[in-house]
Amino acid sequence: MSEKRQAESALGADYRVGRHGAEGPEGPRIVLWERRPLALVILRARAAEGPFLAAVRAALGFELPRAAGASAVAGARAALWLGPAEWLVVAPHEGQGAPERALAGALQGVGGAAIDVSQGRTVVRAQGPRLRDLLAKLCGLDVHSRSLRPGMCAQSGFAHVTALLHLVDAAPTADLYIPRSYGRFLWHAILDGALEYGCEVREPAA
């Protein structure tokens, strides 16, 4: 897979940088951008026990989250809990196969697998004071601050598409990990939902 292929967006011409929707005195209340290029790796364990956890910690430099719906972030890298023995590892794109190669090498002999899914997801970051209102339009999750707290992640239907939500911080900022084939559909649903608040689409950035 070439570096050019890695940099391609699933959103194509539908991704239009600029301001959209309502214009208020406070400016756009939602900011959107596509996160790319990124390295995305599904990490699976036969059993999330000592040797596996130690091998991953050595490869990533931080501990995997063990609680349901939790995440771990260290610098530009993150690991999101998907199940009792499954995680999504997110890292800057540092060349073809990284960090999948490092994780696969570390897991030899400890019962685990690292699968590169970088080309299988479109990642959209949303930020702004009306973010929770936007999320409430798109999915059935309880997105109130008492239930969805910074650092939490959850899979749900967003406009009828199953995606992974990660609430990155209290700004609030959220990342949506969307199956690539549904990227354009859900992008339009996100953008349409944001129009009433005023929306700014920025240049892609990891």
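When only Cα pairs below 8 angstrom with a gap of at least 6 residues are kept, segment 50-133 shows a relative contact order of 22 percent. In segment 1-144, the convex hull through the Cα atoms has an average projected area of 10.6 nm², a quarter of its surface area.
Segment R16..A171, full-extension length gain: 53.4 nm, with 0.36 nm per residue of separation and the alpha-carbon distance subtracted.
Calculate I(q)/I(0) for segment 38-118 by the Debye formula, one identical point scatterer on each C-alpha and no solvent, and give its log10 at q = 0.12, 0.18 Å⁻¹ to two decimals. Per q value, in the given order, log10 I(q)/I(0) is -0.27, -0.63. Electrostatic tally near E86: other residues with Cβ closer than 13 Å to its Cβ, Lys and Arg +1, Asp and Glu -1, net +3.
Taken over segment 90-157, the convex hull of the Cα atoms encloses 140 Å³ per residue. All other residues whose Cβ lies under 13 angstrom from that of A72 are scored, Lys and Arg at +1 and Asp and Glu at -1, for a net of +2.
Readers should treat all values here as calculations from the given coordinates under stated rules, not as data from a laboratory. What you are looking at is a predicted structure, and each value in this text was computed from that prediction instead of being measured. Backbone-built Cβ (ideal geometry, glycine too); neighbour counts: all protein chains shown.
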